[in-house]
1. On average, how many beta carbons from a partner chain sit within 10 Å of the beta carbon of a residue in A:54-66?
2. I'd like to know which of B:Pro614, B:Ala661, B:Ala591 lies farthest towards the positive end of the charge dipole of segment B:542-669, counting +1 on Cβ of Lys and Arg and -1 on Cβ of Asp and Glu.
3. How do B:Trp567, B:Trp558, B:Trp234 rank when sorted from fewest to most other Cβ atoms within 10 Å of their own Cβ?
4. Determine the distance separating the Cα centre of segment B:317-340 from the Cα centre of segment B:707-746; give it in Å without decimals.
5. Is segment C:5-54 best put as rounded, prolate or oblate by its Cα gyration tensor, with a ≥ b ≥ c the root eigenvalues, rounded for a/c under 1.5, and otherwise prolate when a/b is larger than b/c, oblate when not?
6. Shape call for chain A from the C-alpha gyration tensor, a ≥ b ≥ c root eigenvalues: rounded (a/c under 1.5), prolate (a/b greater than b/c) or oblate?
7. If you stretched the chain out fully between B:Asp675 and B:Arg176, how much longer would it get, using 0.36 nm times the residue separation minus the C-alpha to C-alpha distance?
8. Just to be sure I understand: with springs between alpha-carbon atoms less than 10 Å apart, which residue in C:Leu44, C:Leu166, C:Leu127 has the highest mean-square fluctuation in the Gaussian network model of chain C?
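Rule-based calculations on the coordinates, nothing more; no lab input. Everything quoted here is computed from the prediction, not taken from an experiment. Cβ atoms come from the backbone with ideal geometry, glycine included; neighbour counts cover every protein chain shown.
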Amino acid sequence: MPHVVAACSTCRQFTDGLVEFDVEADSVRRMIGELDRRFPGLGEHIERRMAIAIDGEIHQDAHGARLAADSEVYLIPRIGGG
Amino acid sequence: MSEVMDRPQTLNLKVVGTRPIRPDGADKVTGKATFGADFSMPGMLVGKIKRSPHAHARIVSIDTKKALALAGVKAVITAADFPDLASEEYEAGESAANLRDLALNCMARGKVLYDGHAVAAVAATSSSIADAALALITVTYDVLPHVIDVEAAMEAGAPVLHAHLFTEGLETKPDRPSNIAKRNELMRGDLEAGFAQAEVTVEGRYTTAAVHQGYIEPHACVAAFAPDGQCQVWSSSQGQFMVRTYCAKILGLEASNIRVTPTEIGGGFGGKTTVYLEPLALALSRQSGAPVKMVMTREEVFRATGPTSGAVIEVKLGAKRDGAITAARVVLKYQAGAFPGSPVGAGSMTALACYDVPNFSVTGFDVVTNSPKVAAYRAPGAPISAFGVESAMDDLARELGMDPIALRRKNAVRDGVKAAYGPTFRNIGYLETLEAIADHPHYKAPLGPNQGRGVAVGFWFNVGGESTAAVQVGEDGSAVVVTGNPDIGGSRASMAMMAAEVLGLPIEKVRPIVADTASIGFSMLTGGSRTTFATGMAVTQAAQKIVVDLKRRAAQIWDVPVEQVDWINGAAVCLDAAKADKGDLTLAALAAQSARTGGPIGAQVSLTAQGAGPGFGAHICDVEVDPETGHVTILRYTAAQDVGRAIHPAYVEGQIQGGVAQGIGWALNEEYVFDSEGRMENAGFLDYRVPVASDLPMIEPIIVEVANPRHPFGAKGVGEVPIVPPLAAVANAVRAAIGVRMTDLPLSPPKIRAVIDAR
Amino acid sequence: MSQIAYLAPTSADEAAAALIKGGATARVLSGGTDLLVQLRAGRLAPGLIVDVKRVPGAIGIRQEDGGFVIGASTPGMTIGEHAALEKAWPGVVEAVMLIGSTQIQGRASIAGNLCNASPAADSAPALIAARATCVIVGPSGRREAPVEAIGIAPGRTSLAKGEFVLEIRLPPRAARSADAYLRSIPRTEMDIAVVGAGVNLTLDADGVIADARVALGAVGPTVALAPDAGAAIIGTRLDEAALARLDDAARSACQPISDKRGTVDFRTKIAGVLARRAAAIAYGRARGRA
């Protein structure tokens, strides 16, 4: 199942310090749902403030993106450019 | 729809990669282009803003009676004319903005937080009446102590800007308010063990001053609030949809009732990804019943629009004698200005992005200060942290007796390596940029007395995001490409080129236009180096949909199966040899028959572009220092950058040169100077010193292309990477020239002369 | 509401009378490159603008009695294009040409530069070193005064009510004479001088400096002659020792302030550097003339 790493300090306040999880999900939408179930509030935090890198590619607002069984997922803060 | 193209087209391109003249060029060089300040409406009033003369004060009272009574004054507004918003984050720009902070920045409520903070605004029938009205507004202040220096603002006894701001990101929630809005941390491995393994360590403490984006066109807008509630805004902005959203939220209006048209823009660089004037102009128009025009003076731009952060950067690197870095510690303290939101997060994530470091810790502090609220500036946050890291890397190379490019190559990230900010890199061209500068004749050119050479590298993420594009084919076989992205870097030309390539049309037959919020579907603003990537993807897909449709129409006309039709060089070609006498059907021929084959020919695509490719740059800078005057001359500058694919090479080169020019100014002479009262002393281009043309040599860009497989032509974002390396490239060159490491920007002549005297 | 009246008199008397009548809010308009900027910035609110460019003699360059007479409102561009003036006074011309930028040069004038009385005025050091004088006209008629007498404090001149500068006069040029002007700015152009140095030299037949004048700008409340600096190099061929004495004397003559453009320490050191370099350039130019 996809391996998720929360690469930001703000997520840790929801996860009591935990930074890595295996999440049973085949899409980003389901992954967010599952994480929110485990750590209430994390789901909304991810949707508002985080970008998601799937196997090295950064996605923002990518609910429909598919996750493979061996996908590496990173939660990183959204980046604003200039 | 967010479909991925199978493979970028890179072969046999006829338009992409060439250098046609930009469609907006003639108007711009002859002064005909319509910028925000050029726009007029009948019955238009002039709007002006009353600004705080204090860096930090409570507003005791505002008396506007005399101003309202002045003949010719049609409206006077203060914060009382805006809803008092609850603190709420909303994403309309590129990252979530706290709406309450944004509204308070546009118009102060209860407190002023910087010299120049808006406290009231008027609309009058002439500029001089508006000025007179401002003078008649009496504001009583209770002046408070102020703090601007970032470390001073972090101290326990510092004047606190916001009574309800508690530091986020600490282990234990604090019980006292602070100016430190947030602390973030990025970690990997075991820092202590990493430094224990190091055979060599270097350390440095660096400072940068606040610098402004320096766009040549001040903010300008015209707003018209009709009695039926329909609003129109013309604005110099990087994002008309962003303007619409923010105005709706700040004024409590329905976004669907606001139509925003972007005017030609004279530079943005991130500074126009927010609003200052538009909500005020709308409020004034609502009250007066007439359109209102507001144009900032250059002084207002400096005093009241976002510069980027001044900062303190602390770096410690540990490495083995062979150059392999074992540990890195970076601490970043960034000014946010009056409200939280400095780019320290991005600065933290990019600080070590070029390096594969097994053990590191990057800590960042977002600190509010009594200075204008910071706004995005080209790769926000990254040039600052890169200045520290690249200076330390230069010292490390010297300490190891190693060539600076070789040191970077030794520790370089490459495909398959985990980025410092988390995900694994794929399809990056960093090593290629290092090779490009190592092989360039510049690197081996001899140097004379008082001359020195510096090398530095840089990184930026680049973003994707939502874009809409519509392509319409005219009855004469020409095409119009409509997008919602203001053109700040030549993207408009690139849109036309990509459509022309797919349709098989010459570029002269494709006209790009940037439409208003009612005339094109939603697009995220122009910024983050996203437009050529994301909007280009939408344009290409729309053009491809049209090609599919054109083949269908040709098949219908020829009465053949559609599989027998191909689209080559702008015409439908019949593949059935038996029907070879058909001849090709050009786009023009098909357009002429469009009514019979299904109606007007056009397509629209809306997508959220994913898979934006990050960019890397490697720069070489040669300087000569006049030891008696401290004057630094940039002798030569070469900048290599991985751009994926240069759609229009001249505009890619322009983006590289422009970013370098801004980085050089940042390194040498630009800084905000505040007096003891917290007022900016150099709020004008006379004493805020951006480089003039004679200050710079021709900057030589080297375009490196490692295609991004997620873009139909392989493009990566270009505009932001080039400003990241120059601060350290210049500082490293000065170090080589004078033999002393200078750590505090800008490297202005008095500082250099003092260091040389002490040497 | 504020009204501004504008007059373009065609005689010196008319101009003087208008300035008297206009009182405290009357302002002279020469090229306007300082006046208009200050007006737009709200730093000035004149009630009457008296445009002196149509007064006979205000614009134009002529040679008279061996010297040059420059209409004080002559645009810098015109001064820069005058071959004979440039040949005799390269320092004065290069100084005037540094005011502002190419666009500003289309209008900027010596009168304006001197009467704006900024201690950083670029034309002043070279003119003072050249022994230039101003012809001033006013209600009491004409008078002549050395350029250094015009600026008495930052932004203030010694001109009486109703007076304006009509002409700049440069004396006849002795043989083997040349001048030079240098300024220190953080960029390469379009800046206000942080330090300015004007040097004017006359050599004897053996190449020994017989006369030397050094004037410094932006290092005191007014642009002023530094007599000891000039004296330090008289009787020399500008050898290292002479240059060192010049450097010392120039530094001693400074009374700069620290502001956003430069510190006391920096300005003082640079005054010495520029005095030396300008002297070397003037010396080289003078040696090139038989």
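1. Numbers: counts 3, 3, 14, 12, 12, 7, 12, 8, 5, 1, 3, 3, 0.
That works out to 6 on average.
2. B:Ala591
3. Working: B:Trp567 21, B:Trp558 18, B:Trp234 29.
By the 10 Å Cβ count, ascending: B:Trp558, B:Trp567, B:Trp234.
4. Between the Cα centres of segment B:317-340 and segment B:707-746 lies a distance of 16 Å.
5. Working: a/c = 2.98, a/b = 1.54, b/c = 1.93.
Oblate is the answer for segment C:5-54, as a/c is 1.5 or above yet b/c matches or exceeds a/b.
6. Details: a/c = 1.44, a/b = 1.03, b/c = 1.40.
Rounded, since a/c falls under 1.5.
7. On the way: separation 499, 0.36 × 499 = 179.64 nm, distance 2.93 nm.
Once the chain is fully extended between B:Asp675 and B:Arg176, it gains 176.7 nm.
8. So, out of C:Leu44, C:Leu166, C:Leu127, the one fluctuating most is C:Leu44.
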